[in-house]
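The values are calculated or read from the model by the stated rules, or taken from the named source; none is laboratory data. Just so it is clear, the structure is predicted and the values come from calculations on it, not from any experiment. Counting neighbours? That spans all protein chains shown, and the Cβs are built from the backbone with ideal geometry, glycine included. Heads up: the accessible areas ignore ligands, DNA and RNA and are worked out on the full protein's heavy atoms, side chains in. Shrake-Rupley method; radii C 1.70, N 1.55, O 1.52, S 1.80 Å.
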Amino acid sequence: MEKRILGKTNLEVSTIGFGGIPIQRVDNEMAVKLIEESYNRGINFIDTARGYNDSESLIGQALERIGRDKFILATKSMKRDYKGILEELSISLKNLRTDYIDLFQFHNIRSFEELDFILSENGAFKALKEAKEKGVIKEIGITSHSPEILDKAIDIGGFSTIQCPYNPVERQAEEVFKKAKEMNIGVIVMKPLAGGAITNGELSLRFIVDNPNISVVIPGMDTLEQVSSNALVGINKRKLTVEEEEILREESKSLGSQFCRRCGYCLPCPQGIDIPVQFLMEGYYTRYDLKDWAKSRYDAMEKRAVHCVECGLCETKCPYNLPIRKMLKNVVEKLG
């Protein structure tokens with residue numbers, strides 16, 4: 001398995017990592033088998049999150065049996081305040097059955113205001129910095145679907161890694177990845193199959209790892225076959241042929257009229273709907289088959305797709321000319 005240095009952390013990570021969202025679909029024994037097979041195939045980086053139901057717990061049980069020291073472990077939290085993120089960190093340590101976490105990340109920072117708050121006196125960054133000084137966490141990272149927010153985070157400093165969606169359809173973060181590499185910040189790629197929209201996983205992963213600015217890509221895996229086939233991309237590194245590039249281009253074009261890149265240009269919605277998140281939850285519901293998880297998060301939102309009044313303002317701002325009103329109706333059909 002090809003290894004790359006994760007920026008200033010100096011951790012040597014496999015180019016293919018283990019994404020922890022889908023593992024919540026399997027039982028304890030299969031979770032152990034998945035993590036064990038990952039290790040056997042050369043995968044040494046695991047990414048999970050507090051919000052992924054029992055993902056942390058399943059991974060923790062597997063690591064206890066296989067060996068904590070065999071993996072570089074990353075998790076993340078949606079908490080933004082000092083007290084809240086320390087509570088989350090404590091739960092993560094317990095769930096993962098470890099006394100330290102290699103990389104603890106701020107999960108899905110969605111606005112510059114959120115970024116400013118976590119860096120404030122009562123914000124979560126101060127808490128993680130103290131935890132790092134105690135050795136409870138080794139590095140601090142940040143994830144976002146917005147390249148602009150990650151760009152600002154790089155300029156502010158203090159973050160060892162960034163994490164953002166990237167695949168043949170969603171390429172908006174390429175310049176930020178290049179800047180991160182120049183600043184010695186690790187780059188973690190999530191959503192390598194565009195939330196399941198891209199059908200040719202091997203080609204998409206090969207496209208991603210061919211980018212020298214990428215440190216590690218974390219496809220979600222819940223079968224041994226997925227672990228084996230995904231790992232082969234990092235083991236047998238091959239550049240895409242002209243024909244394979246054309247296959248990806250055609251698939252990207254086919255997704256163009258109905259695929260949200262989560263750029264956020266459609267916001268703010270006059271009704272207060274977070275439009276990109278509606279499509280994100282619909283993707284988890286239909287393509288990831290995480291129906292209960294997606295539905296619970298959708299139902300918890302104060303403003304949802306069902307509250308759309310079809311004013312159409314969002315469509316005038318979308319750079320991809322998506323039929324957002326029609327797509328929101330589809331979310332309502334799926335999620336209510």
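Per-structure values
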| read-out | value |
| --- | --- |
| Residue that is least open to solvent (accessible area, probe 1.4 Å), among those in segment 289-320 that are in a loop (DSSP other than H, G, I, E, B) and free of Cβ contacts under 8 Å to residues at least 24 places away in the same chain | G312 |
| Tally, over segment 126-138, of residues that are open to solvent by 30 Å² or more (accessible area, probe 1.4 Å) and either under 15 Å from F106 (Cβ atoms) or among the charged types (D, E, K, R) (or both) | 7 |
| Looking only at segment 6-31, and only at residues there that are open to solvent by 10 Å² or more (accessible area, probe 1.4 Å) and among the aliphatic types (A, V, I, L, M), the one that is nearest to L73 (Cα to Cα) | L11 |
| L103 being more than 15 Å from the chain's Cα centre (by Cα) and more than 15 Å from D222 (Cα to Cα) | no |
| Answer from A127, A153, A131 - the residue that is within 29 Å of G195 (Cα to Cα), in a helix (DSSP H, G or I) and touching a Leu at 6+ places or on another chain (Cβ under 7 Å) | A153 |
| Matching residues in segment 82-114 - criterion: being open to solvent by 10 Å² or more (accessible area, probe 1.4 Å) and either in contact with a Pro (Cβ under 7 Å, 6 or more places away or on another chain) or part of a strand (DSSP E or B) (or both) | D102 |
| I46 being in the same structural domain as N213 (by the TED database), touching a Phe, Trp or Tyr at 6+ places or on another chain (Cβ under 8 Å) and either surrounded by fewer than 17 Cβ atoms within 10 Å (Cβ to Cβ) or within 14 Å of S215 (Cα to Cα) (or both) | yes |
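This table checks each residue for (1) crowded, with 16+ Cβ neighbours inside 10 Å; (2) not hydrophobic (A, V, I, L, M, F, W, C).
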position	(1), (2)
E182	no, yes
G186	yes, yes
V189	yes, no
L193	yes, no
A197	yes, no
